Amino acid sequence: MTAADAQERATTSSPGRRVAALILLAALAVVAVGASLAVGSRPVDPGTVWHALTGGDVPAADHAAVVGLRLPRTVLGVLVGAGLAVAGGLMQALTRNPLADPGLLGVTSGAAFAVAMGVVVFGITRPNGYVWFAFAGALVATLAVYLIGSAGRSNASPVQLTLAGVAISAVLTGIVGALRLADQERFAVLLTWESGSFQSRGWSVVVPVLPFLALGLVLAAVVAGALNTLGLGEDLATALGASVARTRVLSIVAITLLAGGATAMAGPITLVGLMVPHIVRWLVGPDQRWILGLSALAGPVLVLLADVAARVLLWPGELPVGVVTAFVGAPVLIALVRRRKASGL
């Protein structure tokens, strides 16, 4: 495919298909939000949910279930899904690797390492305490990956970033594993966090990270068009007036804010950042502006429905959301990557 063909492919496709995908995903998002608010150990009908949210007269138990427990959890699911999905789309576009995942930049391993340090040094065991450790660890690890990947170069190449991310992740994962084996009882909290759970996550976890996720989404919107140009090759992108270094730096910052914030709030939720961009790419084509925009809708749909399933599959118990996304996502992803149209970048 020539550069002209690639540019045309990235910027033109069926408008009707894209609008249909937007409407479909928006409708699914509404359904997923409604299900997240209504379904649980105490089922609440949609009418009662609406009255509880709008200040109507409802039983105290229903109000507590919907507003006190499920509303913050639903907002958490929306933020985590959007953050991971958009970060995954950015990572795949940046590295030109359809199997890239936000964890390749050290986000997950950095967050896990920082949470482990918080447990060891400060004895922190509550989500609203270690959320800042997780977020700071994700930021520091990603910065280290970028500095190592760009050492001796004017800017970091996708291959160098990937290799540096794998190396940093391996080192930090090994350290965390050794710490866990040394004191398994003390690190039980880390096991819960690493499973990717929404339990015991309230506004105290969501609100502090919200501005960082919002900034990450804004940066993703800013670089989306430049990523289309960057996909044509560095030389041609530069000739067309795009700043390759600026695009990469802003993309990495956005990935760190989005994936780091999502991981800090809920722990590692696997396959969302890997699978959702594939699905959206299959629906709307390779234009990064549409991929990133619709990933912000499709990610919450996947995470919220996984959370609903996590509540009912082992009722009255509950599965971690990360377990459900891995169980559902693996066969779907295998089917998608076997399709040339879905897996190609």
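What follows is calculated from the coordinates using simple rules that are stated; it is not laboratory data. Worth saying up front: this structure is predicted, and the values here are computed from it rather than measured. With ideal geometry, Cβ positions are generated from the backbone for all residues, glycine too; neighbour counts draw on all protein chains shown.
A few notes on this one:
- Taking the chain and dividing mean pair separation by its residue count, relative contact order in percent (alpha carbons under 8 Å, at least six apart): 30 percent
- Taking every alpha-carbon pair under 8 Å whose residues sit at least 6 apart, segment 30-173 reaches a relative contact order of 19 percent.
- Fully extending the segment from VAL171 to THR125, taken as 0.36 nm per residue of separation minus the present Cα-Cα distance, adds 14.2 nm.
- Dipole axis of the chain (+1 Lys, Arg; -1 Asp, Glu on Cβ), positive-most option in THR125, VAL67, ALA220: ALA220
- Most tightly packed first, judged by the mean number of other beta-carbon atoms within 10 Å of their residues, the peptides 65-74, 51-60 read 65-74, 51-60.
- Only helical runs count toward this figure. For the chain, summing -39,500 (n - 2.57) over DSSP H runs of n ≥ 4 and dividing by all residues gives -24000 deg cm²/dmol at 222 nm.
- Rg over Rh for segment 3-343 works out to 0.99, using Cα positions for both radii and the Kirkwood form for Rh.
- Dipole moment magnitude, nearest 20 debye, the chain about Cα centre, only Lys, Arg, Asp, Glu C-beta charged: 480 debye
- For segment 275-319: span of alpha carbons on each principal axis (Å, largest first): 44, 14, 10
- Highest average first, the peptides 297-309, 15-27 ordered by how many other beta carbon atoms sit within 10 Å of their residues are 297-309, 15-27.
- Farthest toward positive dipole pole in the chain [+1 Lys/Arg, -1 Asp/Glu at C-beta], among GLY88, THR173, VAL280: VAL280
- Membrane-span-like helices in the chain (whole DSSP H runs, Cα extent of at least 30 Å along the helix axis, mean Kyte-Doolittle hydropathy of at least -1.0): 15-38, 71-95, 127-149, 158-182, 203-230, 244-266, 288-312.
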